[in-house]
Amino acid sequence: MPVPDGVQISGPMGPRFDEVLTDEALAFLADLHRTFDARRRELLLAREERYAALAAGGTLGFLPETQEIRDGDWKVADPAPGLADRRAEMTGPVDRKMTINALNSGAKVWLADFEDASTPTWENAVNGQLNLMDALDGTIDFTSDAGKAYALKEASELSTVVVRPRGWHLSEKHIEVDGERMAGALVDFGLYFFHCAQRQLDAGKGPYFYLPKMESHLEARLWNDVFVRAQKARGIPQGTIRATCLIETYPAAFEMDEFLYELREHSAGLNAGRWDYIFSVIKKFRTRGKDFMLPDRAQVTMTVPFMRAYTELLVSTCHRRGAHAIGGMAAVIPSKDAAVNEVAFQKVRDDKTREAGDGFDGSWVAHPGMVALCTEVFTDVLGERPNQLDRLRDDVHVSAEQLLDVTATPGAVTEAGLRNNISVGIQYLHSWLRGQGAVGINNLMEDAATAEISRSQVWQWIRCDVELETGDVVTRELVERLVDEELARLPGNPADYAEATETFLAVAVADDFAEFLTLPAYEKMA
């Protein structure tokens, strides 16, 4: 396939890939890379420098140099078409069946995920773009192996599409520009914007995005500059793009105002990305001993003090700036067991009731079967109003100390919690390495974020010499023994999980801590 000068495609050309990877689209990607990739790499280095300061005894806090922004009287842009009412948002990967089911789900928004819920195989990356193009054209359909047919409802009944590209840290090894891998973020954003921005405008909406994994407002500024250049290049009016930032890293919690400010004309709000946030708490202070050590994952609820401070600050910050505050993922999914289902639905109801009562404008669910419940709970608070931006939460005053108060988290590290982390981590990686990034395990929808918690807790517990209720101390040897025991409990032959087990141990017990488990895992893939 002919490509622009300096661009190299190493991935195989599947059916219709030429519709996505056009000469003009690749030239657009190459321009984004040449303009912005050096800054991206500098910002990734800045992350490393910030971590080194924390490891040396430093801490996090509100930035003195941005005090004027926090004290200033400014607002973000008014909600864009299709984004005023976000009471229920459905998340999921961009495979063909999910695209149809999510758009039909009744959710106000579908987060079309190229990130944590999607394994970034070459086929997933390009087919996902095709699926979105077909969905916007109204031509998408799907028939399962069992013969069940799937098709879209009427356009007026479909969810608003908000695309989540990969984070700044991930590369796309199948596209190189001038001998360098492109950033996965720019590939996912660029291809969708190039092909679908005008399609969305023609449908009365626009190109909307969720921005993941950012650790600094300077990373949000980079995204804003990408948006400005992309809109200019494609003749799209400035401010058409809208983006919701996920506040899912520990440093980002101290820069919420700054994130909104950097994206002002493009901002659609903030989201409380709870699972990645917990992972980031562990990661950033992983060598600082038990003051930053958390108990079993299941015990770290949204009501523990440091998580409560985080969500309260997010709502008050957003509403002060006229921005939507979107709640976090309810990972619970429906079960065929009626008793299990009753408990699952009650957990989601309690979670969403708390969020709606706190002032959130909407929230996430991981399964179409939970959309109606989330909608019901938020409608009980909102009524016919599209949101509760007018609820300013002036009663909230959150300090840096409250955000950092991890030691107040109740709970314990147990053998059951350790075993669960091991089992979930291996099962998730087993699916991820085979191309499936969102996996139902024990009635929870696991994605990369929840798997990150599992493996990072194991890594930290080993280094804190944690003693379990059994009297055993968590060591590498204990983890390896429990790995063998948990493998014996999984369906199939333990040998089937060999690659996943090897990858899990590499990111859970090795001396060096991998920044993200997806980085070494990605290199194992073709």
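The values are calculated or read from the model by the stated rules, or taken from the named source; none is laboratory data. Note that this is a predicted model, so its numbers are computed, not measured. All Cβ positions, glycine included, derive from the backbone under ideal geometry; neighbour counts span all protein chains shown. Quick note on the areas: whole protein, heavy atoms, side chains included, nothing else; ligands and nucleic acids left out. Shrake-Rupley method; radii C 1.70, N 1.55, O 1.52, S 1.80 Å.
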Quiz item: So which of 67, 8 is farther than 24 Å from residue 163 by Cα, touching a strand residue (DSSP E or B) at 6+ places or on another chain (Cβ under 9 Å), open to solvent by 60 Å² or more (accessible area, probe 1.4 Å) and not basic (Lys, Arg)?
Solution: 8
Quiz item: Is it true that some residue in segment 167-189 is crowded, with 24+ Cβ neighbours inside 10 Å, touching a Phe, Trp or Tyr at 6+ places or on another chain (Cβ under 6 Å) and small (Gly, Ala, Ser)?
Solution: yes
Exercise. Within segment 506-520, track down each residue that is in contact with a helix residue (DSSP H, G or I) (Cβ under 7 Å, 6 or more places away or on another chain) and either within 17 Å of residue 423 (Cα to Cα) or charged (D, E, K, R) (or both).
Key: 506, 507, 508, 509, 517
Quiz prompt | In segment 40-61, the residues that are within 22 Å of the chain's Cα centre (by Cα), of a type outside the set (Asp, Glu) and open to solvent by 50 Å² or more (accessible area, probe 1.4 Å) | solution = 41, 45, 50
Exercise. Could you tell me whether residue 97 is basic (Lys, Arg), in contact with a Gly (Cβ under 9 Å, 6 or more places away or on another chain) and surrounded by fewer than 24 Cβ atoms within 10 Å (Cβ to Cβ)?
Key: no
Quiz item: Scanning segment 249-273 for residues that are more than 17 Å from the chain's Cα centre (by Cα) and closer than 17 Å to residue 168 by Cα, which turns out surrounded by the most Cβ atoms within 10 Å (Cβ to Cβ)?
Solution: 263
Exercise. Please determine, by comparing only the residues of segment 71-94 that are of a type in the set (Gly, Ala, Ser) and either touching a strand residue (DSSP E or B) at 6+ places or on another chain (Cβ under 6 Å) or open to solvent by less than 30 Å² (accessible area, probe 1.4 Å) (or both), which one is nearest to residue 383 (Cα to Cα).
Key: 88
Quiz item: Given the conditions (1) surrounded by fewer than 22 Cβ atoms within 10 Å (Cβ to Cβ); (2) of a type outside the set (Ser, Thr, Tyr); (3) modelled with pLDDT under 95, which single one is not true for residue 465?
Solution: (3)
Quiz item: What number of residues within segment 488-510 are open to solvent by less than 80 Å² (accessible area, probe 1.4 Å), assigned to a helix (DSSP H, G or I) and under 26 Å from residue 283 (Cβ atoms)?
Solution: 9
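What residue, among those in segment 435-462 that are assigned to a helix (DSSP H, G or I) and either open to solvent by 20 Å² or more (accessible area, probe 1.4 Å) or acidic (Asp, Glu) (or both), is farthest from residue 330 (Cα to Cα)? Break it down into steps so the answer makes sense when it comes.
Residues of segment 435-462 that are assigned to a helix (DSSP H, G or I), as a first pass: 448-462.
Cutting the leftovers down to either open to solvent by 20 Å² or more (accessible area, probe 1.4 Å) or acidic (Asp, Glu) (or both) gives us 452, 462.
On the way: 452: 17, 462: 29 Å.
Checking each candidate, the answer is 462.
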Quiz item: Scanning segment 344-370 for residues that are in contact (Cβ under 8 Å) with a residue 24 or more places away in the chain and of a type in the set (S, T, N, Q), which turns out farthest from residue 446 (Cα to Cα)?
Solution: 353
Quiz item: Does segment 142-160 hold any residues that are touching a Lys or Arg at 6+ places or on another chain (Cβ under 8 Å) and either of a type in the set (A, V, I, L, M) or open to solvent by less than 50 Å² (accessible area, probe 1.4 Å) (or both), and which are they?
Solution: 144, 150, 159, 160
Quiz item: Could you count how many residues in segment 373-387 are under 12 Å from residue 349 (Cβ atoms) and among the aliphatic types (A, V, I, L, M)?
Solution: 2
Quiz item: Quick one: in segment 511-526, which of the residues that are open to solvent by less than 30 Å² (accessible area, probe 1.4 Å) and of a type in the set (A, V, I, L, M, F, W, C) is nearest to residue 462 (Cα to Cα)?
Solution: 513
